[in-house]
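Accompanying notes for the structure given below.
The values are calculated or read from the model by the stated rules, or taken from the named source; none is laboratory data. Since the model is a prediction, treat every value here as computed from it, not as a measurement. Methodologically, a virtual Cβ is constructed for each residue, glycine included, from the backbone with ideal geometry; neighbour enumeration extends over all protein chains shown. Each accessible area value is taken on the protein alone, full model and side chains, heavy atoms only, with ligands, DNA and RNA left out. Shrake-Rupley method; radii C 1.70, N 1.55, O 1.52, S 1.80 Å.
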Amino acid sequence: MLAIVRRSSFFYVTHFLTYVMMSLVETVAGRRGIAVFIVSMAFIWLPSSVLWSERNESYAFLRLLPVRDRDVVRAKLLLGLGAAAVYWLWLSLLALAAWGATPGFFARFSLITVVASSWPPLVALCYMGIWQRGARAMTFPLLTLMVVAFIGAVGFGRIILSPGRGDVLLGRISVPWPLLLLLPAAGLALFLLLARVAPRIKWKNDEHLQLP
Amino acid sequence: MDPMLEARDLCKSYEGFSLAKVSLTLSPGGILGVFGPNGAGKTTLIKLLAGQFPADAGDLRLFHLGYDEGEREIKDRVGYCPQEPPYYPDYTPVELARFAAPFYSRWDGACFYGLLDRFRISAHKKFRHLSAGQKTLFSLSLALSHQPDLLLLDEPAAGLDDANRRFLQDTLRAFVGGGEKAVLISSHVSDGLDEVAERVLFLGRGAPILAADKEELLARWKWVHFREGALDGALAARLTAMRHHPFGNSGLCSDFPAMSASLADALAAGDARVENARLSDVLVHLTQGG
């Protein structure tokens, strides 16, 4: 299973490192809001990592190996979940570095956590879409999703971007603390639910791909 | 001896094709050849046996296990070479082996590198840049390197030169030589792998046509060449695939032991002679009537 994670993680790692570099450059240059904005675009990077790693996958090869289909699914989904967690952690650390332990940081951390709650199910849905329809067929829908996400990220970025206006906006939409626990828990629960359905979807599609 | 592979009434249907009620068994020490024309269902059958997809109906057990209960255990003991090698095209043979090795309990790296060396496959050339024959040989190297008990080979001789084809034949004979392992190959008989098969299964249009011991089969099927009028009409009518030549006729006899007494006079007079049929003659006749 580790071999599958290692191979599939190539695009996750390269995507993440690229944007870490960009955000660090921006932070060092003093444009701390821009840095947070860049990292907030995980809506683009996560589907993109899933898409490119799956476009380079060969399930016909994996089916030759003594590994159960559900273990392959589990490896892929755990990788996606791990990536979502890494993005959340990096975004939070960056916000902490930019704002310190101030109310400005807590407001941004709340918003980041709320938004990040949707990433695990988003990753699972991307995988399921690809297993259902194939990576090539899903390229256009996922690229469309990324464009929509980019527009959304611009809006999200604007909120947390400026220290003055952002603080005012975030103060108005402050997230109650129970929601900070409930939303990630709901995101994880939805992810686990999708993870239960995913092997069946993959198996059906896989069989279709294997037929001569 | 306990069979390694038992398939009973396997069926699989998909758009435009159906494989119907194929049964076979394979015991240690055996080489079974599955032969048939294009589109006969050889690849579908071998994919079913290799657990690439489930059968719609029928029962399949390898090493007394079904895929639903022991997929990992079965695949750990089976070396499967698909017709189209599906490996990562941007990996080198060494990288592919490194990826595959941890999945197997009996991976033998020395065996793998020995085979790469024997087949003159560059260890550091990307898989996509290997020739068609080298891809097949790499697939075989990978399948042999985890010390399988059963080899399932789908048209393994395709794209091989004569020397490698001969080596493949020798490898398969050596593989089953100890009497503990078995091989199932699907092939066109013209590939030369019919030479190593001890038993044959002919498929045509998704259905089994004939299953037999190869030597027994070839003892029954003979070409009878005879001068015009040398055989009486009833005897000649028992021959099939009749061909007319300027110097006489040839017909295929499907049960020579039963017919030999009737032919004795013509054979003694030199008006007829008998020649061994090839497996391909039998297959073509049974599948296409020619």
Exposure rank, largest accessible area first [B:GLU73, A:GLU54; 1.4 Å]: B:GLU73, A:GLU54
Entries of B:LYS21/B:LYS214; A:LYS76/A:LYS204; B:LYS47/B:LYS135; A:LYS202/B:LYS47; B:LYS42/B:LYS181; B:LYS135/B:LYS214 with Cα pairs more than 25 Å apart: B:LYS135/B:LYS214
For the protein assembly as shown, radius of gyration divided by Kirkwood radius, i.e. Rg to Rh on alpha-carbons: 1.17
The stretch B:5-212: mean projected area of Cα convex hull, nm²: 10.9 nm²
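Give, in whole angstrom and from largest to smallest, the semi-axes √(5λ) of the equivalent ellipsoid of the stretch B:221-288, with λ running over the eigenvalues of the Cα gyration tensor. List each step's numbers first, then the result.
Values: eigenvalues 71, 35, 22 Å².
Whole-Å semi-axes of the equivalent ellipsoid: 19, 13, 10.
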Accessible area (Å², per residue) of the stretch B:5-212, counting only protein heavy atoms and a probe of 1.4 Å: 40 Å²
Within the accessible area of the protein assembly as shown (1.4 Å probe), percent carbon and sulfur: 59 percent
Relative packing of peptides A:118-130, A:12-24 - highest average C-beta neighbours within 10 Å first: A:118-130, A:12-24
Solvent-accessible area buried by B and A, counting both chains, probe 1.4 angstrom, square angstrom: 2400 Å²
Candidates B:ASP161, B:ASP194, B:ASP108: whichever shows maximal mean-square fluctuation once chain B is modelled as a Gaussian network with Cα springs under 10 Å: B:ASP161
Choice from B:GLY270, B:GLY30, B:GLY79 showing the highest fluctuation, given a GNM over chain B with Cα pairs closer than 10 Å: B:GLY270
10 Å-binned pair-distance histogram of the stretch B:172-290 (Cα, whole percent): 12, 39, 27, 16, 5, 0
1.4 Å probe, heavy atoms, protein only - residues of the stretch B:29-66 losing at least 30 Å² accessible area vs chain alone: B:LYS47, B:GLN52, B:PHE53, B:PRO54
Gain on full stretching of the segment that runs from B:CYS111 to B:LEU65 - 0.36 nm per residue minus C-alpha separation: 13.8 nm
Selected from B:LEU210, B:LEU60, B:VAL94, residue furthest toward positive end of dipole (the stretch B:5-212; charges at beta carbon): B:VAL94
